[in-house]
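What follows is a single structure, written as structure tokens, with notes after it.
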Amino acid sequence: QVQLVESGGGLVQPGGSLRLSCAAAGSIFRIYTMGWYRQAPGKQRELVAHITSGGRTNSADSVKGRFTISRDNAKNTVYLQMNSLKPEDTAVYYCNFYPPNLGYWGQGTQVTVSS
């Protein structure tokens, strides 16, 4: 059984940066494609970026050039480096498999971009 725990969120000013982490407890993590998702107030959850077991990545147009997903399989961790943050990036950020598995949504980590 794999458990996913997100961390690293917080309050940041527009233009600032944050790095989110998703720690996976479970030895099979490394074989899966993983994704970062977000849900803003009043909106549906959306895919932000995903990364294959081999490190190939893809990201949503809204974050291209600003966000970078990466992983460290030795540490069972997926990261989301977020730069040039905008107020519209404010959301709860979650990690999950890609495609997502309903049973693995965690509590997420809140990111608030505001001056």
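The values are calculated or read from the model by the stated rules, or taken from the named source; none is laboratory data. Just so it is clear, the structure is predicted and the values come from calculations on it, not from any experiment. Positions of Cβ are backbone-derived with ideal geometry, glycine not excepted, and every protein chain shown enters the neighbour counts. Side chains are part of the model used for accessible areas, which takes the heavy atoms of the whole protein and leaves out ligands, DNA and RNA. Shrake-Rupley method; radii C 1.70, N 1.55, O 1.52, S 1.80 Å.
The figures follow:
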{"read-out": "Candidates Asn83, Asn101, Asn58: whichever shows maximal mean-square fluctuation once the chain is modelled as a Gaussian network with Cα springs under 10 Å", "value": "Asn101"}
{"read-out": "Under the Karplus curve 6.51 cos²θ - 1.76 cosθ + 1.60, θ = phi - 60°, whole-Hz ³J(HN,Hα) for the range 87-103, x wherever Gly or Pro sits", "value": "x, 6, 7, 4, 4, 8, 9, 10, 10, 6, 5, 10, x, x, 9, 4, x"}
{"read-out": "Residue order for Arg38, Arg30 - accessible surface, 1.4 angstrom probe, largest first", "value": "Arg30, Arg38"}
{"read-out": "Net dipole in debye of the range 1-85 [+1 Lys, Arg Cβ; -1 Asp, Glu Cβ; about Cα centre; nearest 20]", "value": "80"}
{"read-out": "Per residue, in Å², the accessible surface of the chain once ligands and nucleic acids are set aside, probe 1.4 Å", "value": "54"}
{"read-out": "Per-selection metrics, the range 1-78 (Cα): Rg and Dmax in Å", "value": "13.1, 38"}
{"read-out": "Residue of Ala60, Ala91, Ala24 that the Gaussian network model of the chain assigns the largest fluctuation, springs spanning Cα pairs under 10 Å", "value": "Ala60"}
{"read-out": "Normalised contact order of the range 1-100, rounded percent, pairs of Cα under 8 Å and 6 or more residues apart", "value": "36"}
{"read-out": "With every protein chain in place, the chain: carbon and sulfur % of accessible area (1.4 Å)", "value": "47"}
{"read-out": "Simple Cβ-charge dipole of the range 48-115, Lys/Arg +1 and Asp/Glu -1, about Cα centre, in debye nearest 20", "value": "180"}
{"read-out": "Computed lengthening from Trp105 to Ile31, 0.36 nm per intervening residue step minus Cα-Cα distance", "value": "24.8 nm"}
{"read-out": "Signed unit charges on C-beta, dipole axis of the chain, positive-most listed residue Asn76, Gly16, Gln39", "value": "Asn76"}
{"read-out": "Projected label distance in nm at Asn83 and Ala40, using a 7 Å step from Cα toward the beta-carbon", "value": "2.2"}
{"read-out": "Accessible surface ranking that places the most exposed of Thr68, Thr90 first, with a 1.4 angstrom probe", "value": "Thr68, Thr90"}
